[in-house]
Amino acid sequence: MAMYMISIMPSMGSDIQKILDLKLPKQFQVAFGMQGLDFNNPVGVFSIIFSYMYLFLSIYFAGIYANIVSKEFSDKTAEYLFSLPASRTSIIFSKLIIVFIYTIATVLIIFLVSWLALEIFIKTNYELFPVVLMALAWIIGGITFGAIGFLLSSFFTKGRTITALTVGVVVGMFVLQVIISMNHTLDFLKYICPFEWFKGSEIAQTQSLSLTYILIAISISALSIFWGIVRFKRMDVLI
């Protein structure tokens, strides 16, 4: 998707804004972080990619973080896992390290493909730094959703239940972002909505990430993972 969008940049250019105006009302353009972008600039077009990829990656990361616990119970392997000569803390830390590596690797692959596409199709006059920041935002936001999914999986161990729940949380937050963007009286909800923390248009224009939102993301992630580990250590196998 990233490579395709970058490949059409030279031919589309400013026509992208006309297409958006036909397809999306102004309020939705604001909600999706597409307002005020310069589509003659490759970074402006990449900001559209950012919003969609942020949603897809958040669903994926929330799912894999949740499954490291729930899958053991739904597949009936938890009894064997807990019988191994290893503490539950070491077991869950090893699982968390693996999904963290998945998170970094997934975003790194997308970033490298995007960089390659920029080199092939744009060649010159593009800024790489905003793209790096967008990739970092995917990682921070993705880990936040993943940590929440991990915590939820300690309450709901059935695979289908936790999958539906994590997707619902991510999509619900995305809808909340749209509502906040259309109703400024709800701006105070920005602090609990990860999709409001990082927007492609803001990153492209400011070339920075909000330190406040980064600290909120780290705090939520740390608290969710800590609470999830505490609950995991107390979980029983139901036969």
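The values are calculated or read from the model by the stated rules, or taken from the named source; none is laboratory data. On a predicted model such as this, the values are computed, not experimentally measured, just so you know. No Cβ is skipped: glycine too gets one built from the backbone with ideal geometry, and neighbour counts run over all protein chains shown. Side chains included, ligands, DNA and RNA excluded: accessible areas come from the protein's heavy atoms. Shrake-Rupley method; radii C 1.70, N 1.55, O 1.52, S 1.80 Å.
Within the range 86-140, restricting attention to residues that are assigned to a helix (DSSP H, G or I), surrounded by fewer than 17 Cβ atoms within 10 Å (Cβ to Cβ) and small (Gly, Ala, Ser), which residue is farthest from the chain's Cα centre (by Cα)?
Among those residues, the one meeting the criterion is 90.
Please tell me if residue 157 is polar (S, T, N, Q) and open to solvent by less than 20 Å² (accessible area, probe 1.4 Å).
So residue 157 does not fit the description; no.
Across the range 64-114, what is the total count of residues that are modelled with pLDDT of 90 or more and of a type outside the set (Val, Ile, Thr)?
Within the range 64-114, residues that are modelled with pLDDT of 90 or more and of a type outside the set (Val, Ile, Thr) number 8.
Test of understanding: among 171, 175, which residue is over 13 Å from the mean Cα position of the chain (by Cα) and either surrounded by fewer than 16 Cβ atoms within 10 Å (Cβ to Cβ) or not small (Gly, Ala, Ser) (or both)? Steps first, please.
On the way: 171 fails: over 13 Å from the mean Cα position of the chain (by Cα).
Only one candidate qualifies: 175.
Step by step: first the residues of the range 195-210, then only those that are open to solvent by less than 60 Å² (accessible area, probe 1.4 Å) and in a loop (DSSP other than H, G, I, E, B), then the one that is modelled with the lowest pLDDT. Which residue is that?
199
What are the residues in the range 143-165 that are part of a helix (DSSP H, G or I) and farther than 17 Å from residue 100 by Cα, if any? Please lay out each step first, then the result.
Quick first cut of the range 143-165, residues part of a helix (DSSP H, G or I) only: 143-153, 159-165.
Those that are part of a helix (DSSP H, G or I) and farther than 17 Å from residue 100 by Cα: 152, 159, 160, 161, 162, 163, 164, 165.
For the range 211-227, give me each residue that is of a type in the set (Ser, Thr, Tyr), surrounded by 14 or more Cβ atoms within 10 Å (Cβ to Cβ) and without any contact (Cβ under 8 Å) to a residue 60 or more places away in the chain.
Matches in the range 211-227: 213 only.
Spot the failing condition for residue 162; the list is (1) surrounded by fewer than 19 Cβ atoms within 10 Å (Cβ to Cβ); (2) modelled with pLDDT under 85; (3) not polar (S, T, N, Q), and only one is missed.
(1)
Looking only at the range 180-194, filter to residues that are modelled with pLDDT of 85 or more and open to solvent by less than 50 Å² (accessible area, probe 1.4 Å); which one of those is farthest from residue 67 (Cα to Cα)?
189
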